[in-house]
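What follows is a single structure, written as structure tokens, with notes after it.
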Amino acid sequence: MWRRTHFPASSIVHIFAASLALIYAWHVSQSVYLTTGLQFIAPLLVIMTFHLIWIAATQGLSRGFSIIVYRRSAQSAVGLAFVVLSVNAIAPMPAQAADLMELGGVLVVVFCVAIITIIAGIAAFAVYVFFKTCAAIIRRFRRNDRHDSNSRLFDFGSIAATTLVLCLASLEGLPNTYAFGPAGRSTASYHVGAGPDHVWQTMEQATSPEFPLPGFLRILPHPVDVVIDQGTRLGAMRKVKIQGREGTGYLTFRVVERTSTAAVFEVISDTSPIAAWVAHKRLVYEAEPDGDGTRLKVSVDYDRLLAPAWFFSPVTKGAAFLAVDVLARDVKSRAEARGGG
């Protein structure tokens, strides 16, 4: 006989809480507050408020209700984080890559996936620890509350304190509130088996948008065309077309400094979808003699626009590294082919 199974009621509650948080986040994403804590922290308030209302309506706010709120909020938030991650993850494989099975290409892909997974895991773990810490604090106060076995004073106090913390965190990035060090730099470095002359000749031509990328990066705004490419001489322009789900725009550079070992491209215009997340400032190529070859460094300077800083600083730095790593690997590959390395 087949036994009838029922979808757990608790799962329905978590789905409703997470759905409300997603709806809220979607509305904020259509506003000028897209880059602030209102987009990325306040959804936790939505989840916690829903569970508080649900418990009050179905079970009543009996002594210890705050622990239930924190536990359920942690479960909903962590579940939502991993569902979003899973939905947005695409099988990591180099697009249009002839050397798919080469160990180096596979390791780069694995490294990229590892960075994103670790960061997402840290964020989910931080949310879980936050709510569990709140629950632990209220348990301790409750044990010390010997005056009235039915007292809910510490429950209400804990909920109020947690709400205050989340409200303050949600204000990060808003104008006239507060923000934390947006400036950052990421650098990729490789030894190139060719002389500096071959490296600089290679860099006269921009990296092709057809250069193999990890497949999951294709869901993000990425280059699709090089509209202007005047090389690396002083004053030279480079204009790259960037396309993403949010639309299409252009990232325009100009060489503002040129020495025998470095070329500094300054961003003079950015109308690409990336501009809503990161304000790129400079792209720097450095090529110096290194034994029988060249030490190539590619760096990007940027300002992070997204809040909270504790999450988006490493995310932005990791994404910027992946971008300059693509540029450095392309120069290395072409220079070694040109120089017979």
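The listed residues are ARG282, ARG245, and the only one of them that is within 18 Å of ALA319 (Cβ to Cβ) and modelled with pLDDT of 95 or more turns out to be ARG282.
Residue by residue, here is whether (1) farther than 19 Å from TRP277 by Cα; (2) within 22 Å of the chain's Cα centre (by Cα); (3) at pLDDT 90 or above holds:
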position: HIS14; (1), (2), (3): yes, no, no
position: LEU22; (1), (2), (3): yes, yes, no
position: HIS27; (1), (2), (3): no, yes, no
position: SER31; (1), (2), (3): no, yes, no
position: LEU34; (1), (2), (3): no, yes, no
position: LEU44; (1), (2), (3): yes, yes, no
position: ALA56; (1), (2), (3): yes, no, yes
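Can VAL300 be described as β-branched (Val, Ile, Thr), within 23 Å of the chain's Cα centre (by Cα) and open to solvent by 30 Å² or more (accessible area, probe 1.4 Å)? So VAL300 fails the test.
Looking at the stretch 234-261, which of the residues that are of a type in the set (A, V, I, L, M), in contact with a Lys or Arg (Cβ under 9 Å, 6 or more places away or on another chain) and in a strand (DSSP E or B) is surrounded by the most Cβ atoms within 10 Å (Cβ to Cβ)? Here the residue is LEU251. Taking first residues from the stretch 163-178 that are closer than 7 Å to GLY37 by Cβ and partners that are open to solvent by 30 Å² or more (accessible area, probe 1.4 Å) and assigned to a helix (DSSP H, G or I), the Cβ contacts under 6 Å between residues at least 6 apart in sequence or on separate chains come to SER170/LEU38.
How many residues are more than 23 Å from HIS27 (Cβ to Cβ) and in a helix (DSSP H, G or I) when one looks only at the stretch 37-77? Even if it seems obvious, please write down each step before you answer.
Kept after step one, since they are more than 23 Å from HIS27 (Cβ to Cβ), are these residues of the stretch 37-77: 55-72, 74-75.
Retained after the next criterion (residues that are in a helix (DSSP H, G or I)): 55-58, 65-72, 74-75.
Result for the stretch 37-77: 14.
For the condition out of contact with any Cys (no Cβ under 6 Å at 6 or more places or on another chain) and under 27 Å from SER170 (Cα atoms), what is the one hit in LYS317, LYS332?
LYS317
When restricted to residues that are under 24 Å from LYS239 (Cβ atoms) and touching a residue at least 24 places away in the same chain (Cβ under 8 Å), the stretch 259-280 contains 12. Only residues that are farther than 30 Å from CYS167 by Cα and touching a Pro at 6+ places or on another chain (Cβ under 9 Å) were counted in the stretch 259-289, giving 6.
For SER313, indicate whether it is of a type in the set (Gly, Ala, Ser) and modelled with pLDDT of 95 or more.
no
Filtering the stretch 303-320 to residues that are open to solvent by less than 20 Å² (accessible area, probe 1.4 Å) and hydroxyl-bearing (Ser, Thr, Tyr) leaves only THR316.
Of all the numbered requirements in (1) at pLDDT 95 or above; (2) open to solvent by 60 Å² or more (accessible area, probe 1.4 Å), ASP292 misses one, and that requirement is (1).
Within the stretch 263-277, the set of residues being at pLDDT 90 or above, open to solvent by 20 Å² or more (accessible area, probe 1.4 Å) and either closer than 23 Å to GLU172 by Cβ or in a strand (DSSP E or B) (or both) comprises GLU266, VAL267, ILE268, SER269, ASP270.
The combined condition, being within 21 Å of ALA328 (Cα to Cα) and surrounded by fewer than 15 Cβ atoms within 10 Å (Cβ to Cβ), is not fulfilled by VAL199.
The values are calculated or read from the model by the stated rules, or taken from the named source; none is laboratory data. Keep in mind it's a predicted model, so treat the numbers as computed, not measured. Ideal geometry is used to build each Cβ from the backbone, glycine not excepted, and the neighbour counts take in all protein chains shown. Please note that ligands, DNA and RNA were not included when accessible areas were found on the heavy atoms of the full protein model with its side chains. Shrake-Rupley method; radii C 1.70, N 1.55, O 1.52, S 1.80 Å.
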